Structure formats: C-alpha cells, structure tokens
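What follows is a set of notes on a single structure, which appears directly below.
The values are calculated or read from the model by the stated rules, or taken from the named source; none is laboratory data. The structure presented is a predicted model; accordingly, all values stated were derived computationally and were not measured. Here Cβ is always computed from backbone atoms with ideal geometry, including for glycine, and neighbour counts include all displayed protein chains. Accessible surface areas use protein heavy atoms only, side chains included; no ligands, DNA or RNA. Shrake-Rupley method; radii C 1.70, N 1.55, O 1.52, S 1.80 Å.
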Amino acid sequence: MSDNQEVSTTGHQWDDDEGYPLQEYNNPLPKWWLYTFYATIVWSVIYWILYPAWPVGGDFTKGVLGWSMHKELREELDEANAKKKNVNEQLARMSLQEIAKKNDLLQYSISGGKAIFGDNCAPCHGQGGIGSKAGGFPNLTDDDWLYGGSLETIQETITQGRTGQMPAHLKATGGAFDEAQVNDLTQYVLSFSGRSQDAAANKRGDALFHGDAGCNNCHGDQGNGSLKGTAGGQALPPVGAPNLTDAIWLHGADLVSIRESIAKGRSGVMPAWGKGSKEVGRELDPLAIKQVTLYVHSLGGGR
Amino acid sequence: MQHATIEKSIPLMAILTLVLVSIGGLVEIVPLFFIKGTIEKVDGMRPYTPLELKGRDIYIREGCYNCHSQMIRPFRDEAERYGHYSLAAESMYDHPFQWGSKRTGPDLARIGGKYSNQWHHAHMMRPQNVVPESVMPAYPWLAKNALDYGDIDKRLRALSKVGVPYTEEQISSAKQDLMAQALAGGDPAGLNKRYGNKVTKDDFDGQPDKISELDALVAYLQMLGTLVDFSGYQAQTR
C-alpha cells in the first residue's frame, strides 16, 4: 500500500501530550488473502461431508464418498494382483524344473525373486547373495553348498529353515577336551588344506577327529563335509557340516578362527520362511519361495 | 465489531479470547475422549515383558527413532515391503509411541522374527559387516554393558499408572520374568503364564550366561509387530 493513501487508524492516540501522537494503523488484510482464507473454511466443511472426519460416540463420520485409505489400499493390491494373476497361477502349477525350462517365466520369476530376496534375505546373505563372514552367513554365489544346491533343496532350505550345530569342544566352554587337544584338532583341520605346521599335533588331532571327538560323523572321514563326505563308507546325515578341504570357510580360514570354531562351537540358523512357520514374523507364500529359489539358483552356484 | 470496541474493553476481550480458545481446545481435545473407539479390537496384544520393556528403553536411549519409524502406512509399496499396515492397537501400550517420522533406515514396525538373533548381534556390532551399504552406526557397547534392571518393577508400576494393564503379579515378578526370558533356567512357566505362550525365550545376544543391554534390545526387536493375530482380524472399512 503506497504512502500517500489515507489509511484509517484504530482511533486511539497515545502520548498525545508530547506533541508526537502515536497511532496504530488499521491495515485491512489484502482481499485475495482474506477470500482465500474464507475459501479454506468453506472447503473444510465440504471435506467433512465428503471424507471421514469427526469422531462421534465411539465411531466416526464416514463421509458421503465412502472413501477410506484402507479400502483404497485393498483395491490397489487387488488390481496389482489381478494383473499378475495369470502368470502367477501358471507358476504355481508348474514345478521348479518346468519353470526353469521356460525362459520368459524364468526371467519373470528371477526378477520377482530378486526383489523378495533384497528385502528378506539380503540382510544376512548380502546384496546379490555374497554372504557375510561376520555372522557366518553363507555365500550363495559359489558352488559350495551346505545342504545342497539343487532347485528342490534350495526350496526346502527356504521353506523349512536350517539349523547348523557345531558343538563346543573346549572344557571351559562346555566341551569335553582340554586346550592341547583343541590345538591338536586345529592342526589336523589345517592339514586338510595343507597348512598344518606340527606333524605330531596333526597326528594326535587325526586320532581325535576320527575317534573321541567324532568329527568325522558329520564332516566325513576325509573332512569333505556332510554333503560329499562319508564315514566308514556310509553317507552322512544332512546336517550342513561344511567341507573342510576347500578354500571356502564360513567363519574364517585362519588358525585363530578355526580354533575358535572348534573350541566354542558355532551355530548357524537359517529361519524358516514357509507357511505356518512360527519362527518368522513374515511368511513367504509358496510362490514367493519358488521365485526366490529360482533367483538363488541363478546366482551362479545352482546345480 | 470494531477493533476499538474490543481493545478498549478488557472484560469483552477476555470473554472473546476465552470463547476462541475454547473452540480450538474442544476441537483438539474432545476427539481424544473417543479414542477408545478408534482402537481396533484385536487378539494377541499384551503389555511388553520386562525384558522387552528394557529393550524399548534402550531403543529410546540410543535414539533409534531418529532414523527408524514404527508405522507402516496403508500404501501398496509399504504393504508389499513391510507387511500389514500398523494398527492403532499395536501401539496402545506405548508410552510414548515410537511411530517416528524419519526413515533413514527401514521401518521397524514388523521387524520381529524377520531376522535371526545371530543376525541382530552381527548387525549391532558393525552393521556394514552384514549390510555393506548401510549408514547405520555400530553399537558394540550394548553387548558389553550388563543390563541394569534393578528398577524394572518400578517401571512396570509407572506404566500401570498411565493405563498399561500390568497386574500386581506381573509387577512383583518382573525381575524373575526378565531373567527367565534371557537366561536358560529361571521360571519360563511363570513367564508364559503371565505373558502368554508366544513369548520368545532365548539367548538373544549370544552370551548365554549374561544379560546384556543387547539381550533386551534384541528381545524387543524380535517381538515388534508379531503380537497381533491377523488371522482373526477383519479389516474394518475404515
């Protein structure tokens, strides 16, 4: 508002004895602002009528449009599911082997599986399934499997979960062996990868491995794990005991890590994701598990 | 009415101020009287166990809410990533609630049971060990610090004063329940009787003979979002 225009005042004068009367301008609000303000008030009333608004006696006003956030969500989800319905039904009917043979369905499954994997599996197994030494979470991109790398076994692992139990061996941590015996076992385990430094300890460890400690009952007589190994010519139970003869180590390859594994034991838990599993907060439906299976299988190690 | 009239009469101005503030107050406060009607009736909600409650205190102490929300909104992207949208009933025993408004990290409203205890341990020691691209800081002291739960019964008592339905029995056996949940031995039967059979008893932090702050925090995280039984929940048209 320009200076030369007459502006009304509030009408009150302060300090007029001094000859400098203090007055307060009564500047009206700009018209556009005022009418916008009134319009918002009118709009709020319209909004109360159209949309859910006021709590009244234990319930609330629903609004004449009948809109609700939760209804909108259900409709959106239904719409999305309807789009995927055909192909999903097809996938649900087909076996993993059949899907793997159809390239378009396989690619669809793998990209779906990748998204599910990224949210649910990657926190432990890493983006792209590279695993993590920190918690002994297996790498899924190599061909060193604990329970098997076929489509069916991977599906079973995801659905039912796995619990790997390597018992503690040192007396101080609940085992049955003393420090020296644990050191001997460590030397013997190192010998599988040609790294044993102490022939005498190695020999004592060998005896323990196949004798009192009974390591061969899970890791096999040759130490090549429950999947490939045998004990006395018998196949081993599917307990997920790692192959000790290769260069892939779940909890570290150095002497200190291996000794710790033997002394304190290790336990690796893969939660079950199948329907009805109490272990996890969120279950994956069989179709999602199929997709994750195909994705994991595609990472490089699948058999 | 002119400014002058109002401004020159203190009683008139006081009355009009009172009227205005009352309208504003009523609009904001009255809905709270009806809030009970907006909380869904669901099966499974229970007050936190003493160990979970201590974990929640640590969650607040460490400022987890600064980066993690606990509020899944009813949108498709959130439903597909995090699961069922959060219900009012799920935070009815929270004082204060931990909805949060910032998501530098993911929402945690349904983190319970999603990952193993072992993962939580590794993650708290150094998040980058399990999630290389993570910007979350490490919390290694949680595993070192012994949990201070000397005042746990008083905490339950305080919450019962603001409406959390802890029974006298739950308050008096708080210490015992806390130990039973974190340690082998203890009295798991009592814990289950007081908090239901779904309560997870475990060695949450990988240190079987010690109750650390990590035990409490992981117990809390593993419970989050798992209490409500959604099989019996009919989504109201809300």
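Here is how the numbers come out for the structure above:
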read-out	value
Angle between chain A longest axis and helix A:31-50 axis [Cα atoms, degrees, rounded to 10]	60
Cross-link pairs beyond the 20 Å C-alpha cut-off, checked among A:K114/A:K290; B:K41/B:K114; B:K54/B:K175; A:K84/A:K290; A:K264/B:K210; A:K83/B:K114	B:K41/B:K114; A:K83/B:K114
Under-5 Å amide H pairs with A:E24, H placed in peptide plane, nonlocal only	A:T10, A:G11, A:H12
Long-range HN-HN contacts of A:R266 with modeled amide H, under 5 Å	A:M166
Cβ-based net charge around A:N243, under 14 Å, with every Lys or Arg adding one and every Asp or Glu removing one	-4
Amide proton proximity set for A:F137, modelled H, under 5 Å, gap of 5+	A:S132
Within chain A, helix-based [θ] at 222 nm, where runs of 4 or more DSSP H residues each add -39,500 (n - 2.57), nearest 500	-14000 deg cm²/dmol
Alpha-carbon centroids, region A:92-133 and region A:225-259: separation in whole Å	27
Normalised alpha carbon radius of gyration of chain A [divisor 2.2 N^0.38 Å]	1.82
Sequence-separation-based contact order of chain B, relative, with Cα cut under 8 Å and 6+ spacing, percent	27
Between 0 and 90°, nearest 10: helix A:199-210 axis offset from chain A longest Cα axis	80
Among A:L106, A:L185, A:L50: highest mean-square fluctuation, GNM of chain A, C-alpha pairs under 10 Å	A:L50
Reduction of at least 30 Å² in accessible surface, 1.4 Å probe, comparing all protein chains with the chain by itself, residues of region A:28-57	A:W54, A:P55
Approximate shape of region B:41-230 as ellipsoid semi-axes (Cα gyration tensor, √5λ), whole Å, largest first	25, 21, 15
In Hz, Karplus ³J(HN,Hα) per residue of region B:131-141 (6.51, -1.76, 1.60; θ = phi - 60°; x = Gly, Pro)	10, x, 8, 5, 10, 6, x, 8, 10, x, 5
Chains B and A, summed buried accessible surface - 1.4 Å probe, Å², nearest 100	3100
Summed residue charge, Cβ within 12 Å of B:F204's Cβ, Lys/Arg positive, Asp/Glu negative	-3
10 Å-binned pair-distance histogram of region B:31-90 (Cα, whole percent)	18, 33, 43, 6
Angle in degrees between helix B:50-61 and the longest Cα principal axis of chain B, rounded to the nearest 10	60
Accessible area of region A:198-303 belonging to carbon and sulfur atoms, whole % at 1.4 Å probe	54
Added length on full extension, which subtracts the Cα-Cα distance from 0.36 nm per residue, A:R74 to A:R195	37.5 nm
